[in-house]
Amino acid sequence: MAGATVETKSFHVGFDRYSVAFPEVGITYLADVEWTQLRPSRFHSHRELQVLMILEGAMGIETQERKLEPAGGVCYVVPAEKIHAVSQRTDDPRVRFFDLRLVSEPTCTMARFLETLGEFCLRVDPKELRARAASVRDVLALQGPRKLARLQTVLWEIISNIAGGDASREHTDSDRSLLHIRAAEALMRDRLAQPLSIDAVAEAAGLSRSQLTRLYMKHHGVGPAERLRQLRVERARELMESSTLTVKEVAYLCGFVCPNHFCRVFLHGVGATPTEYRLSKVGRA
């Protein structure tokens, strides 16, 4: 690694079966990539967290600390800004892999979850990964507002699959419960200003409405509808404290059609009306 040249440019151009980006949810690059000839093994880094899932063939990875030889059926999670290089087999250079890059920011729940796992290499089932990759392609073909919600659901399923690994069934189930909740919370936070049905939240989490309700009661002590109200009130508190928006404007931005209803919900959750809350914060400033 001594004296290695660090490059930050991707060299996947021309080999992508598809490549897309959804910056509104922190996805800067999502691609099903195929290499059919040897590529230069260049050391580089990405500003984003990267997940490389080998669908076919073999790929190795080298960092400053270790070198993992090319092998099929593996998944590499590379932290943001981590210097690394990938390699292929010289006797059979063809490799197909799924490349997901996520912004390493608090608002990107997928990246935050993967960062808690740390840098790792995990053996996975290539057949299962290929099926998941096919699901992503199907979702990308959709049109309309459901597309992004369904994409997040499928990606969480992939992450759940690789994160579970060889853990016990009990541990894997616990991980998946957390992933379902985080997928639901991500959609709720993304849609605070818009009408949002619990059925849509359940679909984004990959669960039925009753399953989602049981999961929320177990982990939060409230159902998903009440949790959505809590998130909207939390956002309203932030806006009342940090902005000069009117109560009516804050209500609309937090998904409340009726300002009077917003005031009642805010009072119940905070113990003060929106105006009283703002005055109390101004008085302390």
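Specify which of the listed residues (Leu55, Leu100) is aliphatic (A, V, I, L, M), more than 30 Å from Met188 (Cα to Cα) and outside any helix (DSSP H, G or I).
Result: Leu55 is the single residue among Leu55, Leu100 that is aliphatic (A, V, I, L, M), more than 30 Å from Met188 (Cα to Cα) and outside any helix (DSSP H, G or I).
Quick grid of which residues meet (1) touching a residue at least 60 places away in the same chain (Cβ under 8 Å); (2) in contact with a helix residue (DSSP H, G or I) (Cβ under 9 Å, 6 or more places away or on another chain); (3) surrounded by fewer than 21 Cβ atoms within 10 Å (Cβ to Cβ); (4) assigned by TED's automatic domain parsing to the domain that holds Ala21:
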| position | (1), (2), (3), (4) |
| --- | --- |
| Pro79 | no, yes, yes, yes |
| Ile83 | yes, no, yes, yes |
| Thr90 | no, no, yes, yes |
| Asp99 | yes, no, yes, yes |
| Val103 | yes, yes, yes, yes |
| Leu114 | yes, yes, no, yes |
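Listed by position, the helices (runs of 4 or more DSSP H) contained in the stretch 209-285 that have at least 1 residues being within 15 Å of Leu192 (Cβ to Cβ) are 224-242, 247-253, 259-270. Kindly check whether there is at least one residue in the stretch 219-234 that is farther than 20 Å from Arg189 by Cα and at pLDDT below 95. Looking for residues that are farther than 20 Å from Arg189 by Cα and at pLDDT below 95, one finds none in the stretch 219-234, hence no. Total residues in the stretch 37-71 satisfying the condition of being in contact with a Pro (Cβ under 7 Å, 6 or more places away or on another chain), farther than 25 Å from Thr116 by Cα and not hydrophobic (A, V, I, L, M, F, W, C): the figure is 2. Of the residues Val51, Val74, the single one that is at pLDDT below 85 and surrounded by 20 or more Cβ atoms within 10 Å (Cβ to Cβ) is Val74.
The values are calculated or read from the model by the stated rules, or taken from the named source; none is laboratory data. Computed from a predicted structure; not experimentally measured. So basically every Cβ, Gly included, is an ideal-geometry build from the backbone, and we count neighbours across all protein chains shown.
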